[in-house]
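The values are calculated or read from the model by the stated rules, or taken from the named source; none is laboratory data. Everything quoted here is computed from the prediction, not taken from an experiment. Note that each Cβ is placed from the backbone with ideal geometry, even for glycine, and that neighbours are counted across all protein chains shown. These area figures cover heavy atoms from the full protein model, side chains too; ligands, DNA and RNA do not enter into them. Shrake-Rupley method; radii C 1.70, N 1.55, O 1.52, S 1.80 Å.
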Amino acid sequence: MMRHLLELGRALYPQGNPAPEELVDGLVHGVEEGTLYLLDIYPEKKCAKLTPFELNEEKCRRFLWVGDPPQSNAPRDRVTTRELRYLLGQVPGALVQDPGLRQRLGHLIWQVGTGKHGYLLDLRGYSLLDAKDVPLKEEQDPKKKNPFWVEGGVLRAQKGAETVEKPGDKLAETLKAAWGVQAARGKDLLFSLAIDGTPVAEWPEYRDYLARLLLNSPFQGAKEGICHGCGKPALVTPETSFFRYKFYITDKKSFAPGLVGEAFPKALALCQTCFASVLLGERFAERKLEIPFLGRRALVLPEGEGNLTLEALGNRVNRLLAQVRGLERVEAWRDFLQRLGPGTRADFLGFSLVLFERKRASTKIQEAVYEVPPSRVEALFQAMGESRWLGPWGGEVGGLGDWLDLLGEEGYALALKVAVHLLEGIPLERSSLLPQLLGKARRDLWAASRGPTEVLELLARGAGWIWVLRRLGMLREEERETRKALEVAEEFREGFEGFKERLEKYGFDPLQAGLYLLGVALEMVGNAQAQPTKYKKEPLLETIGWEGMSLLEVRYLAQRAMDRAAYYLGEDLAWFLRLVGMATDLMERGGKGLSQREIPYYLLMGYAQARARRLAAGRTKEQGTQEVVHDR
């Protein structure tokens, strides 16, 4: 992870340590939408106004929005910040510690105590333009007391206002009420400061201060050592709390070599040049390489061959992100290639993927896949594309995002595991995966969240993924007599030809093939039963043992279906009986290669694909004169 960010930073500034101006510009954040409020004060006129700006990249650059300090308990020391209370208290207190800024701001500061809450922007007696009055509230509890109010458009303060706890918070509360500042849900809200119409962020003194703050602060107390980024001896720091991605811990001795805090530099230490590169690479990644993936926040990191160049990086980003989005939803990749024009080659790129959750100052990695090679990406797209042959049986897959639907919220962890295994090429256990697929479909059926038709569509799509996993050699299962299943079925000759391709491509043994064909037969009865209720209910589907069945229970189920078939099927009875005969013979020759939890999957797979085939034939009939045929 650190290596990727370091390479990104080096690609952005290959000449080495960036100039202060470049460093600050490179660390500017971007935002999607929101509002920036500029607090503009005029000391000679003793007045202040609050001006809103619509946030965009230009405003972020103008006001140097580089983010608040990543450390949750660190003093807020940047003039553009997320909280008005910081701008009124902690920020001016930090700025006046700098000699260059003290000359320009010192006369505007009110020292009310010590520590990070010991300073306030002194606005007492200032006229607040376009503000409404805010009355003083009487409060007995000193912790809740707010000594500031607005009367006649002028900010007032009670005597002893400096003695209240966190006075900056109280002052911000009053000013927000006076100017009607409200945060819109889901949108960013920033605050910055201007003096006499000029934003402090535009002062040369502030830009120099910010560059020193970002790069020099981590190296206070730095010692000679070996940099883990470039391998050269230099002054190094183990400090990583300045980074936004909190994937390293350097404040707990239990993570240090030998359980000694002073030994952290042996585990990870960076020189100033590499530290700057990681900062810049991290900011680039945050702005350009974060995307939603499988319902989570994901960081996509390019894998380069040797040193990554700026030109190569620029060419890769859009294609790389489109590729990862396409792995989640194949149609997105096809759309991307189509926009590039006809004849565009589908060149694939290697990448690493980190799925994470950020809460305040902490970052929790949920899954990480490192160094996915281009060959693996190509194999995935090829296999998913080849699943189109299953289209008539509802099995064409749509991308890794299918697994969120196939396994649902309760199975999210497994869906994530499946996606990671697919990207890494690690086989999955058939015996544990199939019952999970059945479990989600069963919950949907019995909870009435979906009708039988939708549940069967889900099972058909899952069957498509089972084929993809087998196609990729990723379904771990015991050796089976695949040829025997086909040879046995060939004995039936008439009517079998329509199933041969599927049984062969799925590699079914006799038992799996028999269960599958029995499922096809059961669908004929289930369909006839469901027609009177317009497919809102399907009694036969509900009698299948979704949680597990023995082969004896399967034979009982087949017998019950045969009893009903004589009533429901009419002229189709002969084909039904032929299917049941083939299925029974295959199961008898198939042995006991499946667990009771896997047996119903193959039954329902045949059932679901037969229903998908029926619906597809029905659509064909609507477009022409072709009769609806059973799956054969």
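Give the residue list of trypsin sites (Lys or Arg not before Pro) in the range 563-599 that are DSSP loop and have at most 16 other beta-carbon atoms within 10 angstrom.
Qualifying residues, ordered by number: Lys592.
So what does the Cα-only Debye profile of the chain read at q = 0.06, 0.07, 0.11 Å⁻¹, as log10 I(q)/I(0), no solvent term?
For the chain, the Cα-only Debye profile gives -0.51, -0.65, -1.04.
Looking at the range 375-447, which GluC sites (Glu not before Pro) are DSSP coil and have at most 15 other C-beta atoms within 10 Å of their C-beta?
Those that pass, being in a loop and sparsely packed, number zero.
Which lysines have a Cα lying under 18 Å from the Cα of Lys176, excluding residues fewer than 8 positions away in the same chain?
The reachable lysines, counting only those whose Cα sits under 18 Å from Lys176, are Lys49, Lys132, Lys137, Lys144, Lys145, Lys166, Lys187.
Mind checking Rg over Rh on the range 1-77, alpha carbons, Kirkwood formula for Rh?
Reported Rg/Rh (Cα atoms, Kirkwood Rh): 1.09.
Rg (Å, one decimal) plus Dmax (Å, integer) for the alpha carbons of the range 333-444?
When restricted to Cα atoms, the range 333-444 yields Rg and Dmax of 16.4, 50 Å.
So who's got an amide H within less than 5 Å of the one on Gln366, skipping anything under 5 residues away but keeping other chains? H placed 1.01 Å off N, in plane.
So Gln366 has HN proximity to Leu355, Phe356, Glu357.
Compute the Rg/Rh shape ratio of the range 281-400: radius of gyration over Kirkwood radius, all on alpha-carbon atoms.
So for the range 281-400, dividing Rg by the Kirkwood Rh gives 1.00.
Considering amide H positions built from the backbone, and no H for Pro or chain starts, which residues 5 or more places from Val112, or on another chain, come under 5 Å of its amide H?
Those lying under 5 Å, H to H, from Val112 are Tyr119, Leu120.
Could you calculate the contour length gain from Lys536 to Asp130, that is, 0.36 nm times the residue separation minus the distance between their Cα atoms, to one decimal place in nm?
Taking Lys536 through Asp130 to full extension adds about 140.0 nm, to one decimal.
Compute, for the range 1-127, the length of the dipole vector about the Cα centre, with Cβ point charges of +1 (Lys, Arg) and -1 (Asp, Glu) only. Units Debye, rounded to 20.
Once rounded to the nearest 20, the dipole reads 520 debye.
When 1/r is averaged over all different Cα pairs and the result inverted, which Kirkwood radius in Å belongs to the range 333-373?
After inverting the mean inverse Cα-Cα distance, the result is 13.1 Å.
Using Cα centres only, tell me the gap between the range 427-476 and the range 1-45 in whole Å.
What the calculation gives is 47 Å, centre to centre.
Report the Cys residues of the chain lacking a disulfide-compatible partner, meaning no second Cys Cβ under 4.7 Å from their Cβ.
Here Cys47, Cys60, Cys230, Cys274 come out as lacking a disulfide-compatible partner, given the Cβ-Cβ threshold of under 4.7 Å.
List every residue whose amide H lies under 5 Å from the amide H of Asp188, counting only residues 5 or more places away in sequence or on a different chain, with H placed 1.01 Å from N in the peptide plane.
Glu33, Gly34, Thr35
At 1.4 Å probe radius, can you tell me the per residue accessible area of the chain in Å²?
For the chain, the per-residue accessible area is 47 Å².
Place the peptides 66-77, 455-466, 324-335 in order of packing, highest mean first, counting for every residue the other Cβ atoms within 10 Å and averaging per peptide.
455-466, 324-335, 66-77
Determine the principal axes of the Cα atoms in the range 554-622, then give the extent along each, sorted from largest to smallest and rounded to whole angstroms.
Computed over the Cα atoms, the extents are 43, 24, 17 Å.
Determine ³J(HN,Hα), in whole Hz, for all residues of the range 507-515 in sequence, where each value follows from phi through the Karplus function 6.51 cos²θ - 1.76 cosθ + 1.60 and θ = phi - 60°; x replaces Gly and Pro.
Per-residue couplings from phi come out as x, 5, 8, x, 5, 4, 5, x, 4 Hz.
Read phi for every residue in the range 412-423 and hand back ³J(HN,Hα) as whole Hz from Karplus 6.51 cos²θ - 1.76 cosθ + 1.60, θ = phi - 60°, with x for Gly and Pro.
4, 4, 5, 4, 5, 4, 4, 4, 5, 4, 5, 5
In whole Hz and in residue order, list the ³J(HN,Hα) couplings for the range 223-233 that follow from phi through the Karplus curve 6.51 cos²θ - 1.76 cosθ + 1.60, θ = phi - 60°; x for Gly and Pro.
10, 5, x, 9, 6, 7, x, 10, x, 9, x
Show which lysines lie in cross-link reach of Lys536 when reach means a straight Cα distance below 20 angstrom and same-chain residues fewer than eight apart are skipped.
Here the lysines satisfying the reach criterion relative to Lys536 are Lys440.
Only sites in a loop by DSSP and with at most 12 other Cβ atoms within 10 Å count here; which GluC sites (Glu not before Pro) in the range 505-567 make the cut?
Those that pass, being in a loop and sparsely packed, are Glu547.
Based on the alpha-carbon gyration tensor of the range 61-143, what equivalent-ellipsoid semi-axes (square roots of 5 times the eigenvalues) come out, in whole Å, largest first?
They are 24, 17, 16 Å, listed from largest to smallest.
Largest first and in whole Å, give the semi-axes of the range 153-248's equivalent ellipsoid, each being the square root of 5 times a Cα gyration tensor eigenvalue.
Ellipsoid half-lengths, sorted descending, are 40, 17, 17 Å.
Return one number: the angle in degrees, 0 to 90 and rounded to the nearest 10, between the long axis of the Cα atoms of helix 2-12 and the longest principal axis of the Cα atoms of the chain.
Its long axis makes an angle of about 70 degrees.
Average projected area of the Cα convex hull of the range 104-222, in nm²?
With every direction weighted equally, the projected area is 10.4 nm².
Report the calculated FRET efficiency for Ile365 and Asp405 (r = Cβ-Cβ distance, R0 = 30 Å), to the nearest 0.05.
0.75
Per the Kirkwood definition applied to all pairs of different Cα atoms, how many angstroms is the hydrodynamic radius of the range 507-592?
13.2
Leaving ligands, DNA and RNA out of it, report the carbon-plus-sulfur percent of the accessible area of the chain at a 1.4 Å probe.
In the chain, the share of accessible area belonging to carbon and sulfur is 48 percent.
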